[in-house]
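Here's the structure, in structure tokens; my notes come after.
The values are calculated or read from the model by the stated rules, or taken from the named source; none is laboratory data. Everything numeric in this text was worked out from a predicted model, so none of it was measured. Glycine also receives a Cβ, built like all others from the backbone with ideal geometry; neighbour counts cover every protein chain displayed. SASA here: full protein model, heavy atoms, side chains in, ligands and nucleic acids out. Shrake-Rupley method; radii C 1.70, N 1.55, O 1.52, S 1.80 Å.
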Amino acid sequence: MGKKSKYDADLERLQVLLVETQHWTIEQGRKTVIVFEGRDSAGKDGAIKRITEYASPRQTRIVALPKPTDRETTQWYFQRYVPHLPADGETVLFNRSWYNRAGVEPVMGFCKPEQHVQFLGDAPRFERILTDDGIVLIKLWLDISKAEQARRLAERIEDPLKRFKVSPLDAEAQARWEDYSKARDRMLDETDHNHAPWTVIATDDKKTARLNIIRHILRAIGGPGAAAEAPDPDVVFPASKAKGRLAP
């Protein structure tokens, strides 16, 4: 076998630290929620795969909910997400989350404008309840340029192994680019709070983004993870400092 690439070596080192850090969270009984949001094809699946590759199968869950049922649409909006929240020692990764109501739903007309407005007010209160109960809540927005998104969406169609990534909404991601940008900006403005801040990841370079996402998560969780090197500030930055740095 040839020599490992720098990326592979860095990834392996970070994955070892992820294992050590999760062992610590299990011992400490810490509850961790990681929310992955972002534009289509921004790299959520790939990042989650590398984070969970060696994670404890008993204490780790990936949640990617389908569209709500007719019954669920009549429930309190956050109700369908609550059963998936972690118990002591568990880590839950949401591959898209309650923030559907801040992005795809208003852009595509799947919710009423007043429901969108109510959500933007309710989300910080809901998240305050979670963090006050001891949940470590890490919210990530993966951002991508329009040109790179177009390239990746076209690649999905051509690659038979990416069949399950193809969605009827893929074309809308490009056609409604500006609408999604406006929804993103409003979401970040109104739901970025000290108890549950947003962190933005620039993902045009997938591998660089993955490494920096893991570094950020490790440092946010703490324990052994605190030993991780700081993420690249050109790749990972708080939403409060994202003005002018997000894909327009």
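Give the long-range amide H neighbours of Val200: residues separated by 5 or more places, or on another chain, with amide H under 5 Å away, using H modelled in the peptide plane at 1.01 Å from N.
Here Trp141, Phe237, Ala239 satisfy the definition.
Just name one of Leu14, Phe237, Pro86: the one whose Cα is farthest towards the positive end of the charge dipole of the chain (beta-carbon charges, Lys/Arg +1, Asp/Glu -1).
Leu14
Rounded to the nearest 5, what % of the DSSP beta bridges within the chain are antiparallel ones?
Working: 4 of 26 bridges.
Taking every DSSP beta bridge within the chain, about 15 percent pair in antiparallel fashion.
Only bridges with both residues in the range 131-248 count here: give the DSSP antiparallel percent, nearest 5.
That works out to approximately 45 percent antiparallel.
For the range 1-81, what is one quarter of the convex hull surface built on the Cα atoms, given in nm²? Intermediate values should be presented prior to the final figure.
On the way: hull surface 32.6 nm².
About 8.2 nm², averaged over all directions.
With θ taken as phi - 60° and the coefficients 6.51, -1.76 and 1.60, list the Karplus ³J(HN,Hα) couplings across the range 195-204 in order, rounded to whole Hz; mark glycine and proline as x.
7, 8, x, 8, 10, 9, 10, 7, 10, 4
Could you work out how far the C-alpha centroid of the range 138-204 sits from that of the range 232-248, in angstrom?
When both Cα centres are located, 14 Å separates them.
At 222 nm, what helix-only mean residue ellipticity would the chain give, in deg cm²/dmol to the nearest 500, using -39500 (n - 2.57) for each DSSP H run of four or more?
Rounded to the nearest 500, the figure is -14000 deg cm²/dmol.
Quick check for me: using +1 on Lys/Arg Cβ and -1 on Asp/Glu Cβ, what's the dipole size of the chain about its Cα centre, in debye to the nearest 20?
Values: 40 positive and 37 negative charges, 83 e Å.
Magnitude of the dipole: close to 400 debye.
How large, in percent, is the carbon and sulfur part of the accessible surface of the range 1-71 at a probe radius of 1.4 Å?
Working: 2260 of 4280 Å².
Carbon with sulfur: 53 percent of the solvent-accessible area.
Hand me the chymotrypsin sites (Phe, Trp or Tyr not before Pro) from the range 1-61 located in a DSSP loop with no more than 16 other Cβ atoms within 10 Å, in residue order please. Display every interim value, and only then the final one.
On the way: sites: Tyr7, Trp24, Phe36, Tyr54; in loops: Tyr54.
Qualifying residues, ordered by number: Tyr54.
Could you go through the range 66-78 in sequence order and give the Karplus-derived ³J(HN,Hα) for each residue, using 6.51 cos²θ - 1.76 cosθ + 1.60 with θ = phi - 60°, rounded to whole Hz, and x for Gly and Pro?
x, 5, x, 6, 4, 5, 5, 5, 9, 7, 3, 3, 7
For Asp179, what charge total do you get from the other residues with a beta carbon under 14 Å from its beta carbon, if Lys and Arg give +1 and Asp and Glu give -1? Walk me through the numbers on the way to the answer.
Values: positive: Arg39, Lys146, Arg176, Lys182, Arg184, Arg186; negative: Asp40, Glu105, Glu172, Glu178, Asp185.
Combined, the nearby Lys, Arg, Asp and Glu give +1.
Can you give me the solvent accessible area of Val136 with a 1.4 Å probe, rounded to the nearest 10 Å²?
Estimated to the nearest 10 Å², Val136 gives 30 Å².
Net charge near Lys243, counting Lys/Arg +1 and Asp/Glu -1 over other residues with Cβ under 11 Å of its Cβ? Intermediate values should be presented prior to the final figure.
Details: positive: Lys241, Arg245; negative: Asp185, Asp189.
It works out to a net charge of 0.
Which order do Lys49, Lys6, Lys44, Lys67 take by accessible area at a 1.4 Å probe, largest first? Before the final figure, lay out the partial values.
Values: Lys49 125, Lys6 150, Lys44 15, Lys67 175 Å².
Sorted descending by solvent-accessible area, the residues read Lys67, Lys6, Lys49, Lys44.
Ignoring the sites themselves, what is the longest stretch of the chain with no GluC sites (Glu not before Pro) in a DSSP loop and at most 16 other beta-carbon atoms within 10 Å? Can you show the working numbers first?
Numbers: sites that count: Glu53, Glu229.
For GluC sites (Glu not before Pro) (loop position, at most 16 other Cβ atoms within 10 Å), the longest site-free span of the chain is 54-228.
Holding the Cα-Cα limit at 23 Å, pick out from Lys112/Lys182; Lys6/Lys241; Lys112/Lys241; Lys49/Lys243 the pairs that are longer than that. Write down the numbers at each step before the final one.
Working: Lys112/Lys182 17 Å; Lys6/Lys241 30 Å; Lys112/Lys241 30 Å; Lys49/Lys243 29 Å.
Exceeds cut-off: Lys6/Lys241; Lys112/Lys241; Lys49/Lys243.
Residue by residue, what Karplus-based ³J(HN,Hα) values in Hz, rounded to whole numbers, does the range 113-123 have, using 6.51, -1.76 and 1.60 with θ = phi - 60° and x for Gly and Pro?
Along the range 113-123, the couplings run x, 5, 5, 4, 4, 4, 4, 4, x, 7, 4 Hz.
Compute, for Leu188, the solvent-accessible surface of its heavy atoms (probe 1.4 Å) with the complete set of protein chains present, and express it in square angstrom to the nearest 10.
Counting only protein heavy atoms, the figure is 10 Å².
Just to confirm a number: summing +1 for Lys and Arg and -1 for Asp and Glu over residues other than Thr25 whose beta-carbon lies under 15 angstrom from that of Thr25, what do you get? Provide the component values of the computation, followed by the final result.
Values: positive: Arg30, Lys31, Arg58, Arg61, Arg219; negative: Glu20, Glu27, Asp88, Glu90.
Charge balance near Thr25 sits at +1.
Where a ≥ b ≥ c are the square roots of the eigenvalues of the C-alpha gyration tensor, would you call the range 103-238 rounded, which needs a/c under 1.5, or, failing that, prolate if a/b is larger than b/c, or oblate? Before the final figure, lay out the partial values.
Working: a/c = 2.12, a/b = 1.14, b/c = 1.86.
Oblate, because a/c is 1.5 or more while a/b does not exceed b/c.
Which entry is the computed semi-axes √(5λ) of the Cα gyration tensor in Å for this structure: [x] 42, 18, 16; [y] 27, 24, 18; [z] 45, 17, 14?
Among [x] 42, 18, 16; [y] 27, 24, 18; [z] 45, 17, 14, the one calculated here is [y].
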